[in-house]
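Every number in this text was worked out from the coordinates using simple rules, so none of it is lab data. What you see is a predicted model, and the numbers here were worked out from it, not measured in a lab. No Cβ is skipped: glycine too gets one built from the backbone with ideal geometry, and neighbour counts run over all protein chains shown.
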Amino acid sequence: MTSRERVLCALNHQPTDRVPMDLFGMACSIVDPAYFRLREYLGLTDDVEPFRKGANCSYYDERILDAFEIDIRRVFAKFTDAFPKTLPDGSFMNEWGIVQKKGKFGVEFVKHPLQDAELEDIEAYPWPKAKDFLDVSKMREQAEKLHRENQYAIAVRAPMNGIFEIGCWLRGMQEFMMDMYEEPEITHAICEKILEVQLEVYGMILDEVGEFVDIVETGDDYGSQNALLISPNSLKEFILPRRKRLNDMIHRKAPHAKVFLHCCGSIAPIIDDLVDCGVDILNPVQTMACNMDPYMLKEKFGDRIVFHGGVDTQKALRGNAEDVAAEVSHMLDALNHNGGYILSSCNHIQSDVSPENICELFKAAKELSMK
């Protein structure tokens, strides 16, 4: 099988010659310090230009994808030079007006610009315009070339986060979650404005590449390690109907593509709802979270959704080579039946994961899934 054939079979719940593998996508990438160590370990010397700024995972390196025989390649919308804007104190502001700074474990929030906003302030807020912060000028050329070569599955890298996440960042997490009960009009207004930006962004991208791509990435985190962050009822009132509108538009503009959703944590109670609103692929399958046993997930949902990720980053990838191989074997046994599974890490590979373990992850996946 070619990589594209392998991925398409998995997406359509059909058997594959080996498990499809992925890297450098939304929440299955490598944080910058671990990337640089891996690059050095593999003997790669030339620099790769970062595809974004102000983030923990900034690099997409096809030399590493080739070395590991990864089955998916991505096309990106580039960010213009307008954002992020560096402020005098060293913090930086993104296109939403959210101010962040670099902290010990990544980026930290400095300012939530709608924290004290009233309803009229939300309407008057300078909401971002896609053309002001995204450059899609080279995307069609890249996607068309990959499509013509017909070797790899093609994914659109997610250009932004989801409604719930952005709402928390704009309003402040505590305030945004309290608003769902005390100020639902404000919550609806913020969510609707975010959706309008999302529709414009994805519309602009898919007008360029929709006919060529196999996967379109989106993201929004609804779960913690132990439970949902908000109730299923709140999700159904404020978030999921808008997510369905986004998913429906993606399916219209990319008729051959599957919608990929990154959603961390313990989210089993809402997987049916995600399927109903048009999610085709679920990432990262964080099986160390509560009630996310991979065997249960495959048995209960495996005929209706594709699982992407699964390999534990909290313990297994921080252990030794035997721990990594055992974890890969576990995920293959649980999830890799009649397609429906793309193997990757169950979140970004962190700075405490060794290059040797990253190599072992994909070596074991190939060897064990071909037996």
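Karplus-derived 3J(HN,Hα) values for the range 119-134, using 6.51 cos²θ - 1.76 cosθ + 1.60 with θ = phi - 60°, are 4, 5, 5, 5, 5, 7, 5, x, 5, x, 10, 4, 5, 7, 10, 10 Hz; glycine and proline are entered as x.
Simple spin-label estimate for Asn338 and Gln225 gives 3.6 nm between the two label positions (7 Å along the Cα-to-Cβ direction from each Cα).
Please identify the GluC sites (Glu not before Pro) of the range 36-103 that satisfy two criteria: DSSP loop assignment and at most 15 other Cβ atoms within 10 Å. Which are they? Can you show the working numbers first?
Values: sites: Glu40, Glu62, Glu69, Glu95; in loops: Glu69, Glu95.
Those that pass, being in a loop and sparsely packed, are Glu69.
Pairwise alpha-carbon distances in the range 155-197 exceed 17 Å for 30% of all pairs. Extent of the range 5-131 along its three principal axes (Cα atoms, max minus min coordinate, largest first): 57, 38, 26 Å. Here the relative contact order of the chain, from alpha carbon pairs under 8 Å that lie six or more residues apart, stands at 22 percent. Placing +1 on each Lys and Arg Cβ and -1 on each Asp and Glu Cβ, with no other charges, gives the range 163-224 a dipole about its Cα centre of roughly 160 debye.
Could you sort the peptides 272-278, 282-288, 44-50 by per-residue average Cβ neighbour count (10 Å cutoff), highest mean leading?
Values: 272-278: 17.9, 282-288: 23.6, 44-50: 10.4.
Descending mean neighbour count gives 282-288, 272-278, 44-50.
Taking the DSSP beta bridges with both ends in the chain, the antiparallel portion is around 35 percent. Protection proxy ranking for 309-320, 108-119, using the average of other Cβ atoms within 10 Å per residue and placing the highest first: 309-320, 108-119. Tally Lys/Arg at +1 and Asp/Glu at -1 over every other residue whose Cβ is under 14 Å from the Cβ of Gln100; what's the total? Local charge sum for Gln100: +3. Under the rule a/c < 1.5 gives rounded, and otherwise a/b versus b/c splits prolate from oblate, where does the range 162-292 land using the Cα gyration tensor? Oblate shape, in that a/c is at least 1.5 and b/c is the bigger or equal ratio. Rg and Dmax over the alpha-carbon atoms of the range 227-344 stand at 15.0, 45 Å. Given that compact globular proteins tend to follow 2.2 N^0.38 Å, what is the ratio of the alpha-carbon Rg of the range 197-246 to that value? The reported ratio for this selection is 1.45. With all projection directions averaged, the alpha carbon convex hull of the range 265-333 covers 4.3 nm². For the pair the range 317-337 / the range 121-176, the C-alpha centres are spaced 32 Å from each other.
Max-minus-min Cα coordinates of the range 131-187 on each principal axis give 54, 25, 16 Å, with the largest extent listed first. With an a/c value of 1.5 or above and a/b larger than b/c for the gyration tensor axes a ≥ b ≥ c computed over the alpha-carbon atoms, the range 288-327 is described as prolate. Take the Kirkwood radius over Cα pairs of the chain, plug it into Stokes-Einstein at 25 °C and 0.890 mPa s, and you get 117 µm²/s for translational diffusion. Just list whichever of Lys53/Lys104; Lys138/Lys258; Lys138/Lys236; Lys138/Lys244 have alpha carbons separated by over 26 Å in the model shown. Beyond 26 Å: Lys138/Lys236; Lys138/Lys244.
By the gyration tensor of its Cα atoms, with a ≥ b ≥ c the square roots of the eigenvalues, what is the shape of the range 67-211: rounded for a/c under 1.5, prolate for a/b over b/c, or oblate? List each step's numbers first, then the result.
On the way: a/c = 2.16, a/b = 1.76, b/c = 1.23.
Note, shape of the range 67-211 comes out prolate.
For Ser29, nonlocal amide neighbours, meaning residues 5 or more places apart or on other chains whose placed amide H falls under 5 Å from its own, are Phe24, His348, Ile349.
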